[in-house]
Structure formats: structure tokens, C-alpha cells
Amino acid sequence: MALAVMLLNGASFHGGCCRHKVLLSLLGPLLSHSKLYSSYRRPGEEPEKKLSWQNANFSFKKGIDHLKTQLSLLKKETQDYLRGPGGHPVSQHLLEQTRVLWQFRSQEDLNEWVISSDVEIGGKSKVYIKLGRNNQAALLYGTLNTEVPRDGETKYSGYCSMRSRPAVGSFNRKKYYDWSNFNSLYLRVRGDGRPWMVNIYTDPYFSHQKDDLYSYFMFTRGGPYWEEIKIPFSKFFLSSRGRVQDNQHPVWLDKASFLEALFEISFEKAIRTLGFTIGDKVDGPFQLEIDFIGLLNDRAHREEFAYETYNKNTPV
């Protein structure tokens with residue numbers, strides 16, 4: 001146990017931003033049930049007679065099994081990278097016109113998504129997700145409530161959202177999506193006539209860009225019929241903390257390189273997750289059924305970017 005703590009501390013002090021994450025991933029199963037620090041003791045309660053390291057449940061077998069699993073994942077990722085983009089041959093990648101990213105047919109498909117609402121800030125909106133009829137779609141439903149929490153700080157409330165979980169590679173490394181072969185987002189949905197916001201979340205290198213996201217509107221028409229919605233990536237606009245930015249630029253559709261992803265270093269805003277948000281300031285129930293979410297390479301769409309890109313302060 002002392003050796004494990006020394007390894008983690010040494011990795012963090014010697015400038016290894018990635019080394020201590022790898023060590024923590026390796027030693028995590030070994031230290032899963034350990035007590036490195038003494039727990040809270042009520043006044044008058046007798047202190048524990050055992051030392052903190054004596055309560056550690058060190059399992060060497062679990063650590064070896066976890067290491068084997070992560071090494072096999074790393075081997076597969078390396079083979080896929082050498083084979084071609086996305087693990088497919090280059091010829092197949094170039095001829096690819098459509099790709100299904102998420103399809104909702106089981107509870108495992110729903111577990112790849114996370115729902116949230118303004119309850120996190122004291123609001124009263126409610127949101128739920130479940131499989132639709134005959135397990136053929138994801139049903140996102142709930143109630144929107146715009147009542148502002150009485151905390152003296154919050155000014156706006158009333159939103160619900162659904163967001164995909166970030167993909168994770170071997171040794172708990174971040175994985176990014178490569179959508180460079182497509183120019184549009186393609187969905188099959190059935191809504192109740194309320195507008196939604198489609199959000200693309202990126203993972204920038206600099207911390208001051210952590211709240212940046214690319215968004216565009218998705219209007220549902222309601223009724224009993226399904227609709228297929230195509231949203232070009234050129235329409236997505238950049239915003240940060242709810243404010244549209246003056247300096248606009250297109251979404252980075254290509255992911256970080258293999259070495260950048262291996263060491264979690266990327267100076268581009270690589271795509272990590274996709275989400276949907278409703279916040280139209282109308283109290284009442286809502287629902288949205290999603291059959292699948294995919295990508296489309298529309299040859300008829302030639303637009304590169306829908307918004308003006310210019311210098312805010314023109315140099316003299």
C-alpha cells in the first residue's frame with residue numbers, strides 16, 4: 001500500500017499529466033476497498049485501534065486481471081488505427097455515405113446516455129427516459145417548470161437535457177469522434193411540436209474553453225408521424241455559458257491523432273459528446289422519441305460555414 005501511494009505521488013510530482021492517470025487506472029482495482037485516510041469520528045467516540053493501511057483490501061489478482069483487460073483494449077485500438085479510420089479500410093471509409101451512431105433497442109443503449117434538469121440548481125423540472133413501444137426507440141419525457149429557485153442568485157430556470165456519455169478507451173483515456181467524412185447530422189424523431197436544441201460538446205485543450213459548445217435548433221412538428229431531420233454541421237454556432245460568441249468558426253469534425261489521444265493532448269476542439277436540450281420557457285409536459293442518431297454525407301450540400309467570420313477589431 002505504501003508503495004502504491006509513493007508511485008501515485010511520484011507520478012504527480014514529476015510532471016506526468018498522463019502517467020499518474022495510467023497508474024491510477026492500474027492500481028484502482030487493488031485499492032478499491034481501501035481506507036487511505038481516517039474517516040470522520042464523532043466527539044466522544046473512541047479512535048480506531050487499527051492503522052489506516054491495515055484496513056486496505058489489497059487484491060493482486062484483481063490488479064493483474066484489470067491490467068490484462070486494458071492491454072487487450074490497447075492492442076485492439078492499435079490494430080484498428082493501423083487498419084484505417086475507425087477500424088475500417090481506407091477504401092470503405094471513403095465510400096461511406098451514412099453511419100448510425102446511436103440506435104435505441106435495449107436498456108444497454110439507454111445506459112449510454114445521461115439525463116439532467118434544473119433540479120441540479122434547485123428547479124422543479126422533471127425528466128425521464130425509457131424505451132418506447134416495442135423497444136424501437138428512446139422516449140424522453142417529463143415536465144418543464146420555469147419557476148426560479150428562491151436562493152437569491154439564480155435568475156433563470158426551466159430546462160431538461162439528454163446527453164451521451166463520453167467514450168473511454170483503454171486505461172481510461174478519452175476517446176474522440178471522427179466525423180470528417182460527413183457533413184450533416186441525421187435523426188429520425190417524433191416530437192410534440194416543441195423546439196429542441198441539439199448540442200455538440202467538445203473537449204478543448206485550454207481550460208477557459210471548457211464551457212464552449214456548438215448548437216443548432218431542431219423543430220418538431222408533432223402528430224403521430226415520424227420525421228427525418230437533417231442538420232448540416234455548417235449551421236452549428238459557437239456559444240459559451242449561454243452566450244453566442246462573436247468569433248465564430250466551424251466545428252472540428254476530425255478527431256485528435258492516435259498519439260494525441262494516447263497522451264490526451266489536443267489543441268483542437270475534438271468532439272466528445274452529443275446532447276439535446278429543451279428550454280422554450282413554456283411550462284407543461286413534453287416528450288421526444290428518438291429512433292436513431294446518425295451521420296450523412298449529403299453531396300448536394302456545398303456550404304462550408306453559414307456565419308460570417310471577420311475580425312471584430314480591424315487592424316489599422
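The values are calculated or read from the model by the stated rules, or taken from the named source; none is laboratory data. Remember, predicted model here, so these are calculated numbers, not experimental data. All Cβ positions, glycine included, derive from the backbone under ideal geometry; neighbour counts span all protein chains shown. Surface accessibility is based on the protein's heavy atoms, side chains included, excluding ligands, DNA and RNA. Shrake-Rupley method; radii C 1.70, N 1.55, O 1.52, S 1.80 Å.
Counting only protein heavy atoms, what percent of the accessible surface of region 114-213 is carbon or sulfur at a 1.4 Å probe?
Percent of accessible area from carbon and sulfur atoms in region 114-213: 47.
What are the equivalent ellipsoid semi-axes of region 97-296, built from the alpha-carbon gyration tensor (square roots of five times its eigenvalues), in whole angstrom, biggest first?
Equivalent ellipsoid of region 97-296: 27, 22, 17 Å, largest first.
Hey, which aspartates and glutamates would be in cross-link range of Lys230, C-alpha to C-alpha under 15 Å, not counting anything within fewer than 8 residues on its own chain?
Asp291, Asp298, Glu303
For every other residue with a beta carbon closer than 15 angstrom to the beta carbon of Asp151, add +1 if it is Lys or Arg and -1 if Asp or Glu, then tell me the sum.
Taking every Cβ under 15 Å from that of Asp151, the sum is -1.
With θ taken as phi - 60° and the coefficients 6.51, -1.76 and 1.60, list the Karplus ³J(HN,Hα) couplings across region 84-101 in order, rounded to whole Hz; mark glycine and proline as x.
My calculation for region 84-101 gives x, x, x, x, 10, x, 4, 4, 5, 5, 6, 8, 6, 9, 9, 8, 8, 8 Hz in order.
So which chymotrypsin sites (Phe, Trp or Tyr not before Pro) in region 93-176 pass both tests, a DSSP loop state and at most 14 other Cβ atoms within 10 Å of the Cβ?
Passing both the DSSP loop test and the Cβ count: Tyr156.
Spelling out what I want: for every residue of region 112-124, take phi, set θ = phi - 60°, compute 6.51 cos²θ - 1.76 cosθ + 1.60 (Karplus), and round to whole Hz; glycine and proline get x.
Once θ is set to phi - 60°, the couplings for region 112-124 become 7, 10, 10, 10, 8, 8, 6, 4, 5, 10, x, x, 10 Hz.
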